[in-house]
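Report on the structure given below.
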Amino acid sequence: MAEIKKTATRDSYGRALVDLGAQNEKLIVLDADLAAATKTGMFKKAYPDRFFDCGIAECNLMGVAAGLSTMGYTVFASSFAMFAAGRAFEQVRNTIGYPHLNVNIGATHAGISVGEDGASHQCCEDIALMRTIPGMTVINPADDREAYTAVLAAAKLQGPVYLRFGRLAVPHLFGDDYAIEIGKGVQLRGGKDVTIAATGLMVGEAIAAAEALAAEGIDARLLNIHTIKPLDLDILTEAARETGAIVTAEEHSVIGGLGGAVAEGLAGVCPVPVLRVGVEDTFGASGPALEMLRVYGLEAEHIAAKAKRAIAMKQ
Amino acid sequence: MDAQRRLELRRLAERARMGIIEGVFHAKSGHPGGSLSSADLLTYLYFEQMRIDTKNSKWEGRDRFVLSKGHVAPGLYAVLALRGFFPVEALKTLRKNGSFLQGHPSMKLTPGVDMSTGSLGQGISAAAGIALGAKLAGQDIVTYALLGDGEIQEGQVWEAAMFAAAKGLDHLIAIVDNNNLQIDGAVAEVNSPYPIPEKFAAFGWNTIEADAHDFDALEAAFTQAKAFNGKPSVIIMKSIKGKGVSFMEDQAAWHGTAPNAEQYTAAMQEIEARLAALAK
């Protein structure tokens with residue numbers, strides 16, 4: 001069996017920034033002393049005159065990004081998710097979100113798969129925080145191609161965008177003919193018994209879960225919800241109506257992320273059982289990324305088990 | 001400064017003070033104290049210093065102003081109205097449902113407002129970003145930012161101060177409205193930011209001190225700041241909170257309180273009397 005190619009979405013981010021830099025002279029990239037880790041360093045090397053390191057000062061970073069955007073620049077501001085969405089939340093809310101400025105936040109090292117750095121750096125709250133900001137677009141790409149095209153799409157979109165990338169190398173799922181369409185969920189597999197709606201690196205796990213369920217005679221529909229805001233309620237409502245139960249899967253807290261967004265959305269239009277796979281209401285811990293995903297219940301088997309429970313709840 | 005021009009500025013500043021009182025009185029809330037302490041400065045900036053086009057408020061080549069101490073929006077609005085961005089009559093809609101004059105400045109709603117502010121400490125970062133953008137484009141644009149002396153207790157101000165100096169943003173001019181009072185009392189007693197010039201100097205800024213209520217002093221300060229190369233400049237201006245309304249002067253209680261009908265009348269009469277004296 002051929003080895004599956006893997007790439008961390010932060011690498012896809014760095015590569016996309018370099019390609020965008022060649023096309024757009026008004027593109028500026030900012031970082032907060034993490035250029036090597038967030039991969040904005042790739043842009044820094046290619047376009048040193050359009051890269052600015054703000055140092056370890058994420059709140060100022062967001063304000064500088066806002067100011068630059070008012071001068072006609074397309075700005076990408078980067079740090080780890082914990083600091084971009086967490087520490088600088090109010091700066092993003094008031095100085096970028098409220099005036100609806102054209103700032104793209106490239107947040108890397110999201111979720112439990114940060115691994116060894118442990119709980120202080122494992123941000124499982126960023127989707128919840130960012131999606132409460134009016135007008136903020138929130139994208140959580142699943143693989144290399146989706147991440148790369150998400151960066152290109154975000155650069156074209158007017159208004160603030162939160163892009164969530166990972167540290168861990170994840171399998172390539174989509175070919176070069178695929179390009180993200182912001183706000184449009186993607187059905188990866190048809191099915192009538194239950195729907196799995198996954199985002200980010202959990203899409204790969206969800207594919208494995210759907211295959212395992214199929215082997216047991218369970219016909220699971222699979223949706224890739226890369227954009228958590230604006231949420232594609234159309235594709236989710238159709239799935240709820242046709243399959244009668246939903247399981248969400250995300251590398252994020254079960255509170256306020258994709259699971260929260262789907263439950264909130266469906267409650268008003270087509271209430272069906274919605275079970276959530278994610279980090280339960282707890283902090284992370286140090287350990288190798290793949291082990292941490294297992295410890296925190298973020299593998300295919302966890303999704304499959306919840307899918308069966310969701311089906312049982314239909315009766 | 002030419003005596004006639006000085007007189008005109010003093011008249012304009014008095015009219016700005018009337019606009020402030022008018023706004024907060026009709027809103028029944030808002031921040032007169034800091035608006036009055038910065039009224040002369042705002043008048044001076046918008047009528048003497050800034051290159052702007054009131055008919056094209058989004059002109060790309062304009063100088064920028066960021067009200068980092070966003071709560072003194074009544075002061076900014078009064079001066080923007082006098083300068084011609086919108087009718088003075090609109091000041092009475094301050095803070096009303098549906099008004100384009102929000103409690104704190106919104107760049108999306110109000111002509112002449114270059115950045116949305118209100119949460120203290122954030123405007124100066126945005127101003128640094130604007131100054132960086134202008135510098136990159138090679139544009140001869142000056143970015144001004146007004147900070148409160150209480151506001152500089154926010155850590156983000158010093159993140160921005162470090163950044164602006166490190167990036168050599170010499171077309172950025174910050175002004176600290178040093179009226180010595182914040183909501184809970186004297187800034188020195190609440191959490192002292194003093195000595196202010198030394199702190200900015202240590203962060204790599206060119207520092208200038210001036211009297212906030214003396215147009216000649218302001219002119220000298222801005223002339224020096226604009227001529228200075230290689231470092232951002234900060235003008236620490238000594239001011240009187242509530243300046244120009246005698247019963248509001250130097251009183252922390254007037255930070256965020258609106259006058260009642262009696263106080264409104266007294267304030268307006270006091271300012272009108274000065275304006276009449278200036279007309280002679």
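Just checking the output field for B:59-72: average partner chain Cβ neighbours within 10 Å of each residue's Cβ?
Numbers: counts 0, 2, 0, 0, 0, 3, 0, 3, 0, 1, 0, 1, 0, 0.
That average works out to 1.
Could you tell me what percent of the DSSP beta bridges with both partners in chain A are antiparallel, to the nearest 5?
Details: 8 of 44 bridges.
The answer is about 20 percent antiparallel.
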message = Please list, ordered by chain and number, the residues whose modelled amide H lies under 5 Å from the amide H of A:Leu27; skip anything fewer than 5 residues away on the same chain.
response = A:Thr74
inquiry  = Largest first and in whole Å, what are the equivalent-ellipsoid semi-axes of region A:186-314 based on the Cα gyration tensor, each being the root of 5 times an eigenvalue?
reply    = 22, 17, 12
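Suppose R0 equals 45 Å. What FRET efficiency, 1/(1 + (r/R0)^6) with r the Cβ-Cβ distance, do A:Ala285 and B:Ala186 give to the nearest 0.05?
That gives a FRET efficiency of 0.45.
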ask   = What angle do you read, to the nearest 10 degrees and between 0 and 90, between the alpha-carbon axis of helix B:215-227 and the longest principal axis of chain B?
value = 20
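Applying 1/(1 + (r/R0)^6) with R0 = 35 Å to the Cβ-Cβ distance of B:Arg274 and B:Ala202, what FRET efficiency is obtained, to the nearest 0.05? Provide the component values of the computation, followed by the final result.
Numbers: r = 40 Å, r/R0 = 1.15.
Computed FRET efficiency for B:Arg274 and B:Ala202: 0.30.
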request  = Would you be so kind as to identify which of A:Ser113, A:Leu34, A:Gly21 lies farthest towards the positive end of the dipole of region A:6-171, taking Lys and Arg as +1 and Asp and Glu as -1 on Cβ and the Cα centre as origin?
outcome  = A:Gly21
remark   = per DSSP, antiparallel bridges as share of beta bridges in region B:168-267, % nearest 5, sits at 15
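Kirkwood hydrodynamic radius of the protein assembly as shown from all distinct Cα pairs, in Å?
Details: mean 1/r = 0.0388 Å⁻¹.
Hydrodynamic radius (Kirkwood, Cα pairs) of the protein assembly as shown is 25.7 Å.
Grab the beta carbon distance between A:Arg294 and A:Ala22, set R0 = 30 Å, and tell me the FRET efficiency rounded to 0.05. It would help to have the intermediate numbers written out before the result.
Details: r = 41 Å, r/R0 = 1.35.
The pair A:Arg294/A:Ala22 has a calculated efficiency of 0.15.
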ask   = Taking the Cα atoms only, what angle lies between the long axis of helix B:155-166 and the longest principal axis of chain B, rounded to 10 degrees?
value = 50
inquiry  = Counting other beta carbons within 10 Å of each residue's own, what order do A:Thr282, A:Thr132 fall into, fewest first?
reply    = A:Thr282, A:Thr132
Cα long-axis angle, helix B:261-279 against chain B (0 to 90 degrees, to the nearest 10) = 70
message = Within 10 Å of each Cβ in A:49-60, how many Cβ atoms from other chains are there, averaged over the peptide?
response = 5
task = Work out from phi, with θ = phi - 60° and the Karplus expression 6.51 cos²θ - 1.76 cosθ + 1.60, the ³J(HN,Hα) of each residue of region A:122-130, listed in order in whole Hz, and give x for Gly and Pro.
result = 8, 7, 10, 10, 5, 5, 4, 5, 5
note = Binned at 10 Å starting from 0, the alpha-carbon pair-distance distribution of chain B in whole percents comes out as 7, 32, 38, 20, 3, 0
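When the Kirkwood hydrodynamic radius is evaluated over all pairs of different C-alpha atoms of region A:64-118, what value in angstrom, to one decimal, is obtained?
On the way: mean 1/r = 0.0843 Å⁻¹.
After inverting the mean inverse Cα-Cα distance, the result is 11.9 Å.
Would you be so kind as to identify all helices of chain A, as entire DSSP H runs, whose Cα atoms reach 18 Å or more along the helix's own axis and whose mean Kyte-Doolittle hydropathy is at least 0.5? Please list the in-between numbers first.
Values: long enough: A:9-23 (21 Å, -0.51); A:58-70 (19 Å, 0.81); A:144-156 (19 Å, -0.03); A:202-215 (20 Å, 1.40); A:300-314 (21 Å, -0.08).
TM-like helix candidates: A:58-70, A:202-215.
Within 10 Å of each residue's Cβ, count the other Cβ atoms and sort B:Glu154, B:Glu262 from fewest upward.
Numbers: B:Glu154 19, B:Glu262 8.
Going from least to most buried by this count: B:Glu262, B:Glu154.
At 222 nm, what value in deg cm²/dmol follows for chain B if DSSP H runs of at least 4 each add -39500 (n - 2.57) and the sum is divided by all its residues, to the nearest 500? Show your work: numbers first, answer last.
Values: 10 runs with 118 residues, N = 280.
Value at 222 nm, helices only: -13000 deg cm²/dmol.
Take A:Cys270, A:Cys123 and order them by how many other Cβ atoms sit within 10 Å, fewest up front.
Values: A:Cys270 17, A:Cys123 26.
Ranked by crowding around the Cβ, least crowded first: A:Cys270, A:Cys123.
If you restrict to DSSP beta bridges whose two residues both lie in region A:186-314, what percentage is antiparallel, to the nearest 5?
Here the share of antiparallel DSSP bridges comes out near 20 percent.
Is there a quick way to get the dipole size of region A:186-314? I mean about its Cα centre, with the Cβ of Lys and Arg at +1 and of Asp and Glu at -1; what is the value in debye to the nearest 20?
Numbers: 11 positive and 17 negative charges, 56 e Å.
Magnitude of the dipole: close to 260 debye.
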message = Projecting each Cα onto the charge dipole of chain B (Lys/Arg +1, Asp/Glu -1 at the beta carbon, about the Cα centre), which of B:Ile152, B:Pro32, B:Phe247 comes out farthest on the positive side?
response = B:Pro32
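With a ≥ b ≥ c the root eigenvalues of the C-alpha gyration tensor of region A:6-171, is it rounded (a/c under 1.5), prolate (a/b larger than b/c) or oblate? Write down the numbers at each step before the final one.
Working: a/c = 1.37, a/b = 1.09, b/c = 1.26.
Here region A:6-171 falls in the rounded category.
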ask   = Separation of region A:300-315 and region A:57-118 by C-alpha centroid, Å?
value = 36
inquiry  = I want the local charge near B:Ala81. Using Cβ-Cβ distances under 12 Å, sum +1 for each Lys or Arg and -1 for each Asp or Glu among the other residues.
reply    = +1
query = Using the alpha-carbon centroid of each, what span in Å lies between region B:195-235 and region A:124-148?
reply = 43
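If you place +1 on the Cβ of every Lys and Arg and -1 on the Cβ of every Asp and Glu, how big does the dipole about the Cα centre of region A:1-129 come out, in debye to the nearest 20? Display every interim value, and only then the final one.
Numbers: 11 positive and 14 negative charges, 65 e Å.
Around 320 debye, computed over region A:1-129.
Read the figures in this text as sums done on the coordinates, not as results from a lab. Worth saying up front: this structure is predicted, and the values here are computed from it rather than measured. All Cβ positions, glycine included, derive from the backbone under ideal geometry; neighbour counts span all protein chains shown.
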